[in-house]
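Engineer: To start, I am sharing the structure in question, which I have written as C-alpha cells.
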Amino acid sequence: MTSTTIGKSSPGASRNKRRKRRNARLWIPQYHGAWAMVTIPPLVGVVEGGFRPVEIVVFALWFVGYFLFYSATVWLKSRCKKRYFPPVRLYGLIVAALGLASLVGAPYLWRWALVFSPLVAIAAWEAWKRDERSLISGLDTIAAACLMIPVMFDIAGDGAPGFAASPRAWLLTALFFGYFAGTLFYVKTNIRERDSNVYLAASVLWHASWAAAAFVLAWRGEVGWIHAAVWLAIAIRAVVVPLLARAGRPVSVKAIGFGEVFTSLAFVLTVF
C-alpha cells in the first residue's frame, strides 16, 4: 500500500457506505425534530393520568407507528415503487400485531381509531402530493401526537366515561399542541421561510397569543407562573431570532436544534 492510499477508502467501500446510508433512510425516520413530539405526549399522559401495563403496548404501537408513518410517506412520495415497500410491509405487520394486542388489553381504544383516521388520511394525501413538509401536514402530525395524552388518560381510567375528557387531559393536550405548533412556525421562520413576512407575522401572533393564555391560566391557578414565564421567553425568542437572521446575523441550524432541546425540557418540567 502506498502512502497516498493510507487513510483513504476504496471506491467500492465508498459506494457501500452510500448504499447503507440510503437503506437506513428507508427504515429510520429522518425528521430529527420529531422525536420529542413522538415520545413526550404519551409519556406525559402516563405520568399525569396514571400507569397501567397495557400502556406499554400502546406506546410501542405508537412508536412503531411513527416508523410506519415515515416509511409509508417515502413509499407514497415514490409513487409506490417496490424498492420502498419492504419497510412499509414489516412495520405494518408489527403495527397490526401491536394494535390487536392493544385492543385485547383495552377494547375501548377502537373509538380512538375514529379520531386518528382523518389525521392519517390527511398525512397520506400530503405525502402523495410530495408536500409532507407543508404547514398543514405539520399541524396534522402535531395534532395526532398531542392526542396521545387523552389516549393514555383513557387507558388509565380503563375506558371510564369522561376520564379521557377530563379538563386536565385536554388542557395538557392544548398546551402541548400550542408549544409544538409554535416550534413548527419558529423553525420555518429561521430556515425554509426565513424571508416570509406572512410566516413571521403568523409565528409572532401564535406565540404571543399562547403566552397571554399561559398567564391567564397561571392567574387561574391551572399552571404555574414559571410555566407562563417559559411561554413568554419562547414568544420573545420567536421575535428576536428571526429578526437577527434578517439583520445578517442568523443563528445556525445546530444552535436552533440545541435551543429546541432546552426549551422542550423547560416546557415539560414546568408544565407539571
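Engineer: For region 180-189, indicate whether the set of residues that are without any contact (Cβ under 8 Å) to a residue 24 or more places away in the chain and open to solvent by 40 Å² or more (accessible area, probe 1.4 Å) is non-empty.
Structural biologist: no
Engineer: Would you pick out the residues in region 33-62 that are closer than 15 Å to D158 by Cα, open to solvent by less than 30 Å² (accessible area, probe 1.4 Å) and assigned to a helix (DSSP H, G or I)?
Structural biologist: Hits for region 33-62 are G45, G49, V54, E55, V58.
Engineer: Among (1) modelled with pLDDT of 95 or more; (2) surrounded by fewer than 20 Cβ atoms within 10 Å (Cβ to Cβ), which single condition is Y84 missing?
Structural biologist: All conditions are met except number (1).
Engineer: In region 1-32, which residue that is surrounded by 12 or more Cβ atoms within 10 Å (Cβ to Cβ) and at pLDDT 80 or above is farthest from V253 (Cα to Cα)?
Structural biologist: W27
Engineer: Is it the case that region 204-216 has a residue that's farther than 19 Å from F177 by Cα and more than 22 Å from the chain's Cα centre (by Cα)?
Structural biologist: Scanning region 204-216 turns up no residue that is farther than 19 Å from F177 by Cα and more than 22 Å from the chain's Cα centre (by Cα).
Engineer: Scan region 221-272 for residues that are surrounded by fewer than 17 Cβ atoms within 10 Å (Cβ to Cβ), at pLDDT 90 or above and not in a helix (DSSP H, G or I) and jot them down.
Structural biologist: Those that are surrounded by fewer than 17 Cβ atoms within 10 Å (Cβ to Cβ), at pLDDT 90 or above and not in a helix (DSSP H, G or I): G221, E222, G224.
To keep it simple, each residue is scored yes or no on (1) of a type in the set (V, I, T); (2) at pLDDT 95 or above; (3) out of contact with any helix residue (DSSP H, G or I) (no Cβ under 9 Å at 6 or more places or on another chain).
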{"site": "G92", "(1), (2), (3)": "no, yes, no"}
{"site": "A96", "(1), (2), (3)": "no, yes, yes"}
{"site": "Y108", "(1), (2), (3)": "no, no, no"}
{"site": "L114", "(1), (2), (3)": "no, no, yes"}
{"site": "C146", "(1), (2), (3)": "no, yes, no"}
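Engineer: For the condition under 27 Å from V74 (Cβ atoms), basic (K, R) and touching a residue at least 24 places away in the same chain (Cβ under 8 Å), what is the one hit in R168, R130?
Structural biologist: Being under 27 Å from V74 (Cβ atoms), basic (K, R) and touching a residue at least 24 places away in the same chain (Cβ under 8 Å) holds for just one of R168, R130, which is R130.
Engineer: State whether one or more residues within region 147-157 are acidic (D, E) and assigned to a helix (DSSP H, G or I).
Structural biologist: There is at least one residue in region 147-157 that is acidic (D, E) and assigned to a helix (DSSP H, G or I).
Engineer: Would you confirm, using the coordinates I've provided, whether D140 is part of a helix (DSSP H, G or I), charged (D, E, K, R) and in contact with a helix residue (DSSP H, G or I) (Cβ under 8 Å, 6 or more places away or on another chain)?
Structural biologist: So D140 fits the description; yes.
Engineer: Further question: Looking at the structure I just gave you, is A156 open to solvent by less than 60 Å² (accessible area, probe 1.4 Å), more than 25 Å from A34 (Cα to Cα), aliphatic (A, V, I, L, M) and at pLDDT below 95?
Structural biologist: Spelling it out, A156 is indeed open to solvent by less than 60 Å² (accessible area, probe 1.4 Å), more than 25 Å from A34 (Cα to Cα), aliphatic (A, V, I, L, M) and at pLDDT below 95.
Engineer: Let me ask something additional. Out of the residues in region 91-121 that are of a type in the set (A, V, I, L, M, F, W, C) and open to solvent by 80 Å² or more (accessible area, probe 1.4 Å), which is nearest to the chain's Cα centre (by Cα)?
Structural biologist: V120
Engineer: May I pose another question? Just one of the numbered conditions (1) over 15 Å from G45 (Cα atoms); (2) in contact (Cβ under 8 Å) with a residue 24 or more places away in the chain is not true of C146; which one?
Structural biologist: All conditions are met except number (1).
The values are calculated or read from the model by the stated rules, or taken from the named source; none is laboratory data. Note that this is a predicted model, so its numbers are computed, not measured. Backbone-built Cβ (ideal geometry, glycine too); neighbour counts: all protein chains shown. Quick note on the areas: whole protein, heavy atoms, side chains included, nothing else; ligands and nucleic acids left out. Shrake-Rupley method; radii C 1.70, N 1.55, O 1.52, S 1.80 Å.
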